[in-house]
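Peer 1: Next up is a structure, given as structure tokens.
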Amino acid sequence: MPLTVEPPELHRSRTSPARVVVVGSLNVDSECRVARSPGAGETVLSHASDTRPGGKGANQTDAAARAGARVVVVGACGDDSGGTALVFVADDGEHQIVVDQGANVSRDAGATTVSLSRLCLDVDDVVIVSFEIPEPAVVATVLAGTASGSTVLVTRGE
């Protein structure tokens, strides 16, 4: 059963500072640097590799936090993480990504609505959601955000 990741502060007063609320995917990215991207059926050797947090939701959360925002993330994690991504980055910057959605695919409209209602969204909040999670969860996020008067940003899942 996936674990819903919730912030420690679920309810807030109207005088609390605005937040960026990110509803999205949480992955573990395994990245390999290669001289060039492999062709169909071809094997190329990596000259460097790294494992780090990833997924659109985690990446958007990181970017907002680095910009100084107060950030809350709503996502799904299973026993082994949210999902995994295999990322191949060529020296010229071209990349190929394969994603196993893992627990991210379990994020449904009901759980998303409950999570967002517990956050007491308001007009000062910015809500970001990506289509890297199931569409019903995206729709629930947009409805909850607009109903609260929050600014809602929807990004592609690519």
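Nothing in this text is a laboratory measurement; each read-out follows from the coordinates by a stated rule. On a predicted model such as this, the values are computed, not experimentally measured, just so you know. Reconstructed Cβ throughout: ideal geometry from the backbone, glycine too, with neighbour counts over all protein chains shown.
Peer 1: How long, wide and thick is the chain, going by the Cα atoms along their three principal axes, in whole angstroms, largest first?
Peer 2: Per principal axis, max minus min of the Cα coordinates gives 55, 33, 24 Å.
Peer 1: While we're looking at this one, here's another question. Please give me, ordered by residue number, the trypsin sites (Lys or Arg not before Pro) of the range 75-158 that lie in loop per DSSP and have at most 13 other Cβ atoms within 10 Å.
Peer 2: In loop regions of the range 75-158 (DSSP not H, G, I, E or B), the sparsely surrounded trypsin sites (Lys or Arg not before Pro) are R156.
Peer 1: Over the alpha-carbon set of the range 83-154, work out the extent along each principal axis and list the three values in angstrom, largest first.
Peer 2: For the range 83-154, the Cα extents along the three principal axes come out at 44, 25, 16 Å.
Peer 1: Would you please calculate the Kirkwood hydrodynamic radius of the range 44-133 over all C-alpha pairs and express it in Å, rounded to one decimal?
Peer 2: Taking the inverse mean of 1/r over all distinct Cα pairs, the range 44-133 comes out at 15.3 Å.
Peer 1: Taking the 0 to 90 degree range and rounding to the nearest ten, how far is the long axis of helix 135-148 tilted relative to the main principal axis of the chain, both from C-alpha atoms?
Peer 2: On a 0 to 90 degree scale, this one is about 40.
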